[in-house]
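> The structure follows.
Nothing in this text is a laboratory measurement; each read-out follows from the coordinates by a stated rule. The structure displayed is predicted, hence computed values, not measured ones. Note: ideal-geometry Cβ built from the backbone for every residue, glycine included; neighbour counts use all protein chains shown.
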Amino acid sequence: MTEHEIKINFKEYDTLNDLSAPERNLCLEAVKALANSHSPYSKFKVGTALRLQSGKIIHGSNQENIAYPSGLCAERVALFYWGANHPHDPIVAMATTAKAEDFEILKPVVSCGACLQVLAEVEKKQNKPVEVILFCENGPVWTMKGVESFLPFLFFEHNLIA
């Protein structure tokens, strides 16, 4: 038997004020995206903002549907919009935040596995990692470079890829 260990690296900042101006501005765009969240069932709003290489900002917010699981997470809304409208303008950074109506979020909320798999596909498509920024209103900010910080064993079977 061989035992292996996987470590991830990420940076933690105390507040948004500790980030660079472009990172902070992208986070503020993610906060703006919260306003378009349709989350009447979970009362858990999520907003995502993507900064493209051209400087363009794309917003996404979670969209719930009473016919669960027909809704979509904020990250996938933004990433699929990018793929449909700006696939030749690489994503440089992605900021995501969440806000709950019924409780206070104290730490950044990490994207779900489906969203991380979509991000993995985006990074593969553009052959470049995306800086990921996760934060909450009154808590720390986490930054990571690329989806492998979250999913060290990505689902990319070589036989499935032409």
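> Calculate how many DSSP beta bridges within segment 58-154 are antiparallel, expressed in % of all such bridges and rounded to the nearest 5. Mind showing how you got there, number by number?
Numbers: 6 of 12 bridges.
Of those bridges, close to 50 percent are antiparallel.
> Rank Val109, Met94, Met144 by how far each Cα sits towards the positive end of the charge dipole of the chain (+1 on Lys, Arg Cβ; -1 on Asp, Glu Cβ) and give me just the farthest.
Going by the charge dipole, the pick is Met94.
> In addition: Taking the Cβ of each residue in Ser39, Ser61, Ser149 as the centre, tally the other Cβ atoms inside 10 Å and list the residues starting with the fewest.
Ser149, Ser39, Ser61
> Compute the separation of the alpha-carbon centres of segment 2-46 and segment 90-133 and state it in Å as a whole number.
Spelled out, the Cα-based centre of one part sits 7 Å from the other.
> With Cβ to Cβ distances under 12 Å as the rule, what net charge do the other residues near Lys43 carry (K, R +1; D, E -1)? Present the calculation step by step, with values, prior to reporting the outcome.
Values: positive: Lys45, Lys99; negative: Glu64, Glu101, Asp102.
Taking every other residue near Lys43 into account, the sum is -1.
> Here's a follow-up. I need Glu75, Glu29 ordered by Cβ neighbour count within 10 Å, fewest first. Walk me through the numbers before you get to the answer.
On the way: Glu75 25, Glu29 19.
Least crowded to most crowded, the residues run Glu29, Glu75.
> Which of the peptides 2-11, 129-138, 108-117 is most tightly packed, and how do the rest follow, judged by the mean count of other Cβ atoms within 10 Å per residue?
129-138, 108-117, 2-11
> Could you put Phe103, Phe80 in order, starting from the residue whose Cβ has the fewest other Cβ atoms within 10 Å?
The order, fewest Cβ neighbours first, is Phe103, Phe80.
> To the nearest 0.05, how large is the calculated FRET efficiency for Asn36 and His4 if R₀ is 45 Å and r is the Cβ-Cβ distance?
The formula returns an efficiency of 0.60 here.
> Also: Tell me what the chain gives for mean residue ellipticity at 222 nm when only DSSP H runs of n ≥ 4 count, each as -39,500 (n - 2.57), the sum divided by the residue total, rounded to 500 deg cm²/dmol.
Helix-only estimate at 222 nm: -8000 deg cm²/dmol.
> Normalised by the residues of segment 3-145, what does the relative contact order come to in percent, with Cα pairs under 8 Å and at least six apart?
RCO, segment 3-145: 27 percent.
> Going by a ≥ b ≥ c, the root eigenvalues of the Cα gyration tensor, does segment 1-146 fall in the rounded group (a/c under 1.5), the prolate group (a/b larger than b/c) or the oblate group?
rounded
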